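A short reminder: the numbers here are calculations on the coordinates, not readings from a lab. Please read all numbers here as calculations on a predicted model, not as lab measurements. Using ideal geometry, Cβ is built from the backbone for each residue, glycine included, and neighbour counts are taken over all protein chains shown.
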Amino acid sequence: MKNAQAHSFRKARIELEHCFTCKGKAVVQGVFYELVCCDCNGSGWVMAGSGLMLSTDELVTQLSLRLQQAQREIEVLQRGPTLCGQAEYYQQNNRRGAGGSNYTGD
Ligand SMILES: [Zn+2]
């Protein structure tokens, strides 16, 4: 068992990469105006490795996970590089149900 925290995530996180067609911009330049990119469902992101487009349902969740992570990183950065301890504080705060079902089977 590598990380007990991973078990608390109900939704599997999918690694994403920028869409090749629109280069992550979610739109492509049409003749007269910009068009929603069809290769990534207008998100700018596809599955890393396979390059497959995600369904809109899946996209909402995966983009939310990414956004939450990005916001946490921004908040940490805004506090300044000297306050490295803040990142740990954040992760502890995110721990769900501390002490709830906390026995180990060894
Ligand atoms: Zn695209």
All but one of (1) within 15 Å of the ligand (Cβ to nearest atom); (2) surrounded by 12 or more Cβ atoms within 10 Å (Cβ to Cβ) hold for T61; which doesn't? (1)
Quick check on my filter: what residues within the range 15-34 are in contact (Cβ under 8 Å) with a residue 24 or more places away in the chain and either more than 7 Å from the ligand (Cβ to nearest atom) or of a type in the set (G, A, S) (or both)? E15, L16, E17, H18, F20
Go through (1) more than 16 Å from the ligand (Cβ to nearest atom); (2) of a type in the set (A, V, I, L, M, F, W, C); (3) over 20 Å from K11 (Cα atoms) for A70 and report which single condition fails. (3)
Given the conditions (1) in contact (Cβ under 8 Å) with a residue 24 or more places away in the chain; (2) buried (at least 18 other Cβ atoms within 10 Å of the Cβ), and given that A48 satisfies all but one, which numbered condition is not satisfied? (2)
